[in-house]
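The values are calculated or read from the model by the stated rules, or taken from the named source; none is laboratory data. Keep in mind the model is a prediction, meaning the values are calculated, not measured. With ideal geometry, Cβ positions are generated from the backbone for all residues, glycine too; neighbour counts draw on all protein chains shown. To get the accessible areas, we keep the full protein, side chains included, count just its heavy atoms, and leave off ligands, DNA and RNA. Shrake-Rupley method; radii C 1.70, N 1.55, O 1.52, S 1.80 Å.
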Amino acid sequence: MIKFFRKIHLWLSVPFGIIITLICFSGAMLIFEPEITRSIKSDVYYVQSVKSEPIPMEELMETVKATLPDSVSISGVTVFDDATRTYQVNLSKPRRASLFIDQYSGNITGRYERIGFFSTMFKLHRWLLDSANPHGDGVKVGKTLVGISTLVFVIALISGIVIWWPRARKNLKKSLSISFSKGLKGFWKGLHVAGGMYALIFVLAMSLTGLTWSFNWYRSAFYAVCGVEHTPRNFGESAHSDKNRGERTNESGNHRGGEWQHHGGEGRPHGGHHHEGGRRRSEFGRWQQVYDELKAQNPDAPQITISSGKASVTLGTTGNGRASDRYEYNKRSGELTPTTKYADTNEADKLRGWIYSIHTGSLGGIVTRILWLLGALLGASLPLTGYYIWIKHLMKKKDPHKCHHK
């Protein structure tokens, strides 16, 4: 039986090993993308100075609106708990596009643009740099290869446990040690065997959740195992509640930035106004009121998003990074009505958020993300150390006397 699992482990890993390494490495590079991006582009994401009161939201939105072409509208604004963070103004198109405005000065600091390195890592992680439209019809070679390789990785990990356990139960301490005293060969073997065990729980969690984006049949089965009926996501209702909405790229890895430009403050006729008692009021007239009320009710919320007639409050205590309470409000009076509390959200949406949090390691904050980073890097090393061991074994079989004398 052990021989059978050795063959499974080897002959599945050899053809897919390099792809597995690329997937794990690129995934590791994305774990701290938001923090690195904000650090590199601090002038976009952070205000110049914090003042006692920000400019009213209505005035800020009108400033942004005056810079947009007629084909693009403001779909919402996200305000972060950190007073040094600029407001994130979400735009109607392209998908998930946004720009940032200093709420104390009224200056537009820039728009969301994914750093080239992270854009490449994302495309590598999801589609192996396949240029085909990921949302179009037909088979996507890169996406399919990523899915197959991830599935192979899961089988290789499980077969590796079966191979490892008979020896490990005799001397567990030795089987979990990486020796530096037995030369390069001993080190690489220890890194492959012990490193694989240390990374096992993390890479399995990443792989099993990641497969839900690769295959419809797997996604349905995964949800069924969790006791949840899979339902397609309604992007129209929930897009405004995604955590860090503007800090994550769309699924093609870019925003086709040429669809709108900053016009240097040149005005244009403002639409979307309505009259109330003979006074014309902006379409954004109640946004500040709604935000103030929600902030008072949820002082510890990491972020609050306001849009036309809707609002969402991201929760920071559930482990599910996408957990949020949703509201509707009367556009004339600003009166709030809770529509969907997170506790009452359908189970498919809850599970979808948990899948994302587990896959990215964000469920436990900075600690789990560091563990996920180390786990992904160890996962990336497994095929490489496995190749080394395999090649050494082939050389020994080819010339046993030469390898023995060495």
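Ranked by the mean number of other Cβ atoms within 10 Å of their residues, highest first, the peptides 110-120, 307-317 come out as 307-317, 110-120.
The equivalent ellipsoid of region 312-358 has semi-axes of 25, 10, 7 Å, largest first, where each one is the square root of 5 times an eigenvalue of the Cα gyration tensor. The smallest convex shape that holds all Cα atoms of region 1-54, its convex hull, gives 118 Å³ per residue.
Compute the whole-percent fraction of alpha carbon pairs in region 336-382 spaced more than 16 Å apart. Summing the P(r) tail past 16 Å for region 336-382 gives 55 percent.
The slack in the chain from residue 2 to residue 35, taken as 0.36 nm per residue of separation less the alpha-carbon distance, amounts to 7.4 nm. Averaging the Cα positions of each part gives two centres, and for region 1-40 and region 95-121 these lie 30 Å apart. Length gained on full extension, residue 198 to residue 92: 33.7 nm, using 0.36 nm per residue less the C-alpha separation.
Using the beta-carbon distance between residue 339 and residue 18 and R0 = 56 Å, what value does 1/(1 + (r/R0)^6) give for FRET efficiency, to the nearest 0.05? Efficiency computed from Cβ-Cβ geometry: 0.70. Within straight-line reach of residue 51, meaning a Cα separation under 30 Å, sit the following lysines at least 8 residues removed in sequence or on another chain: 41, 65, 243, 295, 310, 331. Entry note, region 97-236: relative contact order of 14 percent, from Cα contacts under 8 Å with a spacing of 6+ residues. At 1.4 Å probe radius, can you tell me the per residue accessible area of region 1-91 in Å²? Ligands and nucleic acids excluded, the figure is 48 Å² per residue.
Counting only residues at least eight positions apart within a chain, or on another chain, the lysines with an alpha carbon under 17 Å from that of residue 7 are 392, 397. On a per residue basis, region 304-406 carries 53 Å² of accessible surface, using protein heavy atoms and a 1.4 Å probe. Karplus-derived 3J(HN,Hα) values for region 152-157, using 6.51 cos²θ - 1.76 cosθ + 1.60 with θ = phi - 60°, are 4, 4, 4, 5, 5, 5 Hz; glycine and proline are entered as x. Using the average count of surrounding beta-carbon atoms within 10 Å as a protection proxy, the listed peptides 363-371, 146-154, 13-21 rank, highest first, as 146-154, 13-21, 363-371. Computed extension gain for residue 317 through residue 53, at 0.36 nm per residue and net of the alpha carbon distance, reaches 92.3 nm.
The string of couplings for region 44-50 from the Karplus curve (6.51, -1.76, 1.60, θ = phi - 60°) is 8, 8, 10, 6, 6, 7, 8 Hz, one whole number per residue in order, with x for Gly and Pro.
Working note: Karplus 6.51/-1.76/1.60 with θ = phi - 60° gives region 207-215 the couplings 5, 5, 7, x, 5, 5, 8, 9, 10 Hz, where Gly and Pro are set to x.
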